[in-house]
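Written out below as structure tokens is the structure these notes cover.
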Amino acid sequence: MTTRQAQVLVVGGGATGAGVAWDAALRGYQTVLVERVDLAQGTSGRFHGLLHSGGRYVVKDRPAAVECIQENGILRRVAAATIEDTGGLFVSTPEDDVAYGDEFLTGCAAAGVPVSEITTTQALRREPRINPAIRRAFEVPDASIDAWKLTQALAAGIAEHGGTVLTYHEVVDLRRDGEDVAGAQVRDTRTGEESEIEAAFVINAAGAWAGRIAALAGIDDVTIVPGRGIMIALNHRLVNTVVNRCTMPADGDILVPIRTVSVIGTTDVAARDPDDVSVAQEEVDAMLRSGEVLVPGLREARALRVWAGVRPLFRDARATGSDRDISRAHALLDHAARDGVGRFVTITGGKLTTYRLMAQQAVDAMVRQLGDERPCRTAERPLPGSENGDYYAVDTRLHAHETDVTRDPLVCECEMIPRGRLERALRETGTVNLDDIRRVLRLGMGPCQGGFCTFRAAGILHEVDRLDAAAASHSLLAFLQERWRGTWPILHGDQLRQARLDDWIYQGVLDAEHLPEAGVARA
Ligand SMILES: Cc1cc2nc3c(=O)[nH]c(=O)nc-3n(C[C@H](O)[C@H](O)[C@H](O)COP(=O)(O)OP(=O)(O)OC[C@H]3O[C@@H](n4cnc5c(N)ncnc54)[C@H](O)[C@@H]3O)c2cc1C
């Protein structure tokens, strides 16, 4: 069994874990990050896409609102390339109490969330598709944030500072040295090979799975209650601004423009298992009904895909009471003080918007335990790619493509991915998995849901990476299978027609069912 050495081992490659590893690497610690699948394949890649201004929490949870607006400002400086500055609107629909708007204004003032009330005419001019019967409207600095771009930028920063990111590596056990945690046993989930990582400190950032990681260190009472929520992507930008209902947080009350689509969400249902990302048909219907209140006619828009993510809600087993002790804020557990287990902390819960703050608190706790003095620098240091402070825009890719339409043909028209960019991503990531490429480039995430790009990309995989035909076919089928999971629960109308066309391409023309997949199990 091979053994690696690290000063800091971080478990979990979502936004929090990648943020922790970036913070530790920037403070000069030799850092290894392990993720059991790909980066942001847990909750971070299954969230709603909103960089909160804090507006959503100003009445219900003011400390959370303060954290959000502060982190919103910091991320706009250090992670600009991962953000689209859409702005945000809170609108009182006919179903909302207009008086809530006054509480909202008071809450924004108290939390420091910049807000201005505009006339409903101004709001409708800005977003003509929202409910014409809205009665009040407020502007706030909400934005759209790309979690895949963010975690990849964090990974690039970790590598630049001498750290290592091991994706497809699962922690299967934690090593103890007396009262301290001293490293982990990990398994390569693609080859099954096991290895050891010896570490002076371990930070558990495994989100909804954090309780399981703590249990590997013999700490059995870190209870994370998984709160499952669904989101539905609609095939174009119904709005260009994040639009929230101006009311207490509820289901289906936010519409977020993300790249070429808009996403309505979300719900919150207690799940038994963090790996349960199933979607119930009733939830889809309820979500579309709620969306209709924000944008009349939303139900008629083409729904492209539905997916679920799982919130890590920490229940403090040491507190009295039950549900009141389930926190929506983040939780930092210093296991030396809490459980007498040294060199080990857990950071979980919170929001993607607050990942940097969570990371800072976790690494500060480590630094204290180690008796070091190394200040956090993540609030000032831009991530790789964000140095010039430019946000991305919906037309960034179109603009780049139009500078030379002849030289670099598009592989994916929906997401404007040229062949050269795909080849570069294949080289840089070293992956042969089209789903990994989806997370890097958004391949197959537009209106055709992979209908026209998957076979082209698989062909390029074969040609460029010299994957043999069987392995390229396997990659193609696994990708189609993954796309299908999110499409079938919302199949109706135009999307059903698109699915039939995709089916004809793959079954009728390519006979995908019978492609050779020598030696590889079908997904
Ligand atoms: C439906 C929904 C919508 C949301 N919308 C928003 C939003 O719009 N804005 C916002 O700010 N926040 C939002 N959130 C909250 C936000 O998405 C999460 O708080 C955040 O993504 C959690 O990140 P994380 O890194 O802590 O967890 P995760 O992203 O889940 O990362 C944990 C990682 O640990 C890995 N892991 C687990 N076990 C092991 C192991 N044994 N070995 C190695 N790795 C392991 C997992 O694979 C996973 O990738 C939303 C949450 C949900 C559920």
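The values are calculated or read from the model by the stated rules, or taken from the named source; none is laboratory data. From a predicted model like this one, the values you see are computed outputs, not experimental measurements. Cβ coordinates were reconstructed from backbone atoms using ideal geometry, including for glycine residues, and neighbour counts include every protein chain displayed. Only protein heavy atoms, including side chains, enter the accessible area calculation; ligands, DNA and RNA are left aside. Shrake-Rupley method; radii C 1.70, N 1.55, O 1.52, S 1.80 Å.
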Taking ALA81 as meeting all but one of (1) in a helix (DSSP H, G or I); (2) within 13 Å of the ligand (Cβ to nearest atom), write down the number of the exception. (2)
Determine which member of the set ARG407, ARG356 is of a type in the set (Lys, Arg) and either within 30 Å of VAL222 (Cα to Cα) or open to solvent by less than 30 Å² (accessible area, probe 1.4 Å) (or both). ARG356
Between a first residue in the range 40-52 that is at positive phi and a second residue that is within 6 Å of the ligand (Cβ to nearest atom), which pairs have beta carbons less than 8 Å apart while being 6 or more apart in sequence or on different chains? ALA40/GLY13; ALA40/GLY14; ALA40/ALA15
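Is it true that ARG187 is modelled with pLDDT of 95 or more and more than 26 Å from the chain's Cα centre (by Cα)?
On the way: modelled with pLDDT of 95 or more: yes; more than 26 Å from the chain's Cα centre (by Cα): no.
So ARG187 does not fit the description; no.
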Filter the range 3-38 down to residues that are within 9 Å of the ligand (Cβ to nearest atom), in contact with an Asp or Glu (Cβ under 9 Å, 6 or more places away or on another chain), among the hydrophobic types (A, V, I, L, M, F, W, C) and not in a strand (DSSP E or B), then give me how many there are. 2
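Taking the stated definitions as given, is VAL165 touching a helix residue (DSSP H, G or I) at 6+ places or on another chain (Cβ under 6 Å), in a strand (DSSP E or B) and touching a residue at least 60 places away in the same chain (Cβ under 8 Å)? Give the derivation first.
Values: touching a helix residue (DSSP H, G or I) at 6+ places or on another chain (Cβ under 6 Å): yes; in a strand (DSSP E or B): yes; touching a residue at least 60 places away in the same chain (Cβ under 8 Å): yes.
It is true that VAL165 is touching a helix residue (DSSP H, G or I) at 6+ places or on another chain (Cβ under 6 Å), in a strand (DSSP E or B) and touching a residue at least 60 places away in the same chain (Cβ under 8 Å).
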I'd like the full set of residues that are near the ligand (Cβ under 8 Å from one of its atoms) and assigned to a loop (DSSP other than H, G, I, E, B), limited to the range 39-55. LEU39, ALA40, GLN41, GLY42, PHE47, HIS48, GLY49, HIS52
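Every residue, every condition in (1) open to solvent by less than 30 Å² (accessible area, probe 1.4 Å); (2) within 13 Å of the ligand (Cβ to nearest atom); (3) of a type in the set (Gly, Ala, Ser); (4) in a strand (DSSP E or B), yes or no:
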residue	(1), (2), (3), (4)
THR151	yes, yes, no, no
ASP173	no, yes, no, yes
VAL186	yes, yes, no, yes
GLU198	no, no, no, yes
ILE230	yes, yes, no, yes
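Which ones in the range 82-99 are open to solvent by 20 Å² or more (accessible area, probe 1.4 Å) and either closer than 22 Å to ASP251 by Cβ or of a type in the set (Gly, Ala, Ser) (or both)? Break it down into steps so the answer makes sense when it comes.
Kept after step one, since they are open to solvent by 20 Å² or more (accessible area, probe 1.4 Å), are these residues of the range 82-99: 85, 94-95, 97-99.
Scanning the range 82-99 gives PRO94, GLU95, ASP97, VAL98, ALA99.
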Of the listed residues (THR93, THR86), the one being away from the ligand (no atom under 15 Å from the Cβ) and of a type in the set (Ser, Thr, Tyr) is THR93
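What strands (runs of 3 or more DSSP E) lie completely within the range 237-353 and have 2 or more residues being within 10 Å of the ligand (Cβ to nearest atom) and surrounded by fewer than 22 Cβ atoms within 10 Å (Cβ to Cβ)? Outline the logic, then answer.
Details: elements: 242-245, 254-258, 261-265, 303-316, 330-334, 344-349.
Because the criterion is at least 2 residues that are within 10 Å of the ligand (Cβ to nearest atom) and surrounded by fewer than 22 Cβ atoms within 10 Å (Cβ to Cβ), the strands (runs of 3 or more DSSP E) in the range 237-353 that meet it are 303-316.
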Set ARG125, ARG212: member being part of a helix (DSSP H, G or I), within 13 Å of the ligand (Cβ to nearest atom) and surrounded by fewer than 22 Cβ atoms within 10 Å (Cβ to Cβ): ARG212
